[in-house]
């Protein structure tokens with residue numbers, strides 16, 4: 001199991017539920033856990049997704065970081 005974590009700038013706190021749940025659904029992840037509302041959330045995945053770098057690049061464009 002691996003953990004996918006999404007992080008936004010705390011000054012903006014603009015990480016939204018739609019972004020987290022869309023990625024979780026696309027990757028077949030587990031229940032999303034909010035570590036800090038608007039700033040950080042994580043969910044479990046069974047394997048490291050092959051498209052993680054493409055997703056990472058897209059999220060960077062909206063100011064969100066991704067760690068798997």
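The values are calculated or read from the model by the stated rules, or taken from the named source; none is laboratory data. For clarity, every value in this text was computed on a predicted model and none was experimentally measured. Quick reminder, even Gly has a Cβ in these numbers, built from the backbone with ideal geometry, and neighbours come from all protein chains shown.
Details
- Residue 20 satisfies every condition listed in (1) exposed (fewer than 14 other Cβ atoms within 10 Å of the Cβ); (2) at negative phi; (3) free of Cβ contacts under 8 Å to residues at least 24 places away in the same chain except (1).
- Here residue 22 fits the description: under 14 Å from residue 66 (Cα atoms), modelled with pLDDT of 95 or more and not in a strand (DSSP E or B).
- Condition met for residue 48 (surrounded by 13 or more Cβ atoms within 10 Å (Cβ to Cβ), within 16 Å of residue 67 (Cβ to Cβ) and out of contact with any helix residue (DSSP H, G or I) (no Cβ under 9 Å at 6 or more places or on another chain)): no
- Selected residue [over 9 Å from the mean Cα position of the chain (by Cα) and without any contact (Cβ under 8 Å) to a residue 24 or more places away in the chain] from 63, 58: 58
- Here the condition is being surrounded by 14 or more Cβ atoms within 10 Å (Cβ to Cβ), on the phi < 0 side of the Ramachandran plot and either touching a helix residue (DSSP H, G or I) at 6+ places or on another chain (Cβ under 7 Å) or assigned to a strand (DSSP E or B) (or both); of 59, 6, 35, it holds for 6 alone.
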